[in-house]
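Below: one structure, written as structure tokens.
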Amino acid sequence: MEFEQVLKSRRSIRKYKPGQSISKEMVEHLIEAAILAPSWKNSQTARYYTVITPEMVEKIRIQCLPEFNQNNSKNAQALIVTAFEKNRSGFTRDGQAENEVGNGWGCYDLGLQNENLVLKAAELGLGTLIMGIRDSENLRKILSIPDSQEVVSVIAVGYPDIEPDMPKRKMPEDIVKFY
Ligand SMILES: Cc1cc2nc3c(=O)[nH]c(=O)nc-3n(C[C@H](O)[C@H](O)[C@H](O)COP(=O)(O)O)c2cc1C
């Protein structure tokens, strides 16, 4: 698929086809695409907890998502929990924040990777939904995510059972100033 087409056709998918499966290899392709993103001093602090067995997908969905996101991710074949190592991206070797953004840089780097991931999924015909409304403490407990990492999103991955229209976007003139 043309790059422009991938950019335009990717949508947040809130309805997935039942009875499908996604292989570990397919999820690995998504992670490989994610890893190609740039990061602060190439620090690569993004981390992924990938849930692919049906029992675990169900457990995470029910115990770590609010009801509306449980419904949005029903029949998704995989849930990818994203996190980043704190106090590294945007920090000096001796642990000082380089500037006022602090751990915002770790989140920035993770977001860059996650966009690669969802675009790669779109190219492969997979739908995704990034969910920021989730229970991070339950995710941390169930998946043994260490305190050194910030838990950020849960990304549902599956075969789309819907073709949503693109939600309205701002125009460049709404968001940019030229000097
Ligand atoms: C950081 C982030 C958090 C989001 N959290 C949720 C969420 O919890 N539940 C949900 O249904 N959609 C969530 N979304 C999806 C957005 O609503 C969606 O990206 C936006 O409406 C634009 O639609 P599009 O992705 O189809 O272009 C989230 C998206 C992002 C980037």
Which count do you get for residues in region 111-127 that are buried (at least 22 other Cβ atoms within 10 Å of the Cβ) and either part of a strand (DSSP E or B) or more than 10 Å from the ligand (Cβ to nearest atom) (or both)?
5
For VAL27, indicate whether it is part of a helix (DSSP H, G or I) and within 16 Å of the ligand (Cβ to nearest atom).
no
Looking only at region 88-101, decide whether some residue is within 16 Å of the chain's Cα centre (by Cα) and buried (at least 18 other Cβ atoms within 10 Å of the Cβ).
no
Residue by residue through region 8-24, note down the ones that are within 16 Å of the ligand (Cβ to nearest atom) and either modelled with pLDDT under 95 or out of contact with any Leu (no Cβ under 7 Å at 6 or more places or on another chain) (or both).
LYS8, SER9, ARG11, LYS15, TYR16
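The values are calculated or read from the model by the stated rules, or taken from the named source; none is laboratory data. Worth saying up front: this structure is predicted, and the values here are computed from it rather than measured. Every residue, glycine as well, gets a Cβ built from its backbone with ideal geometry; the counts of neighbours run over all protein chains shown.
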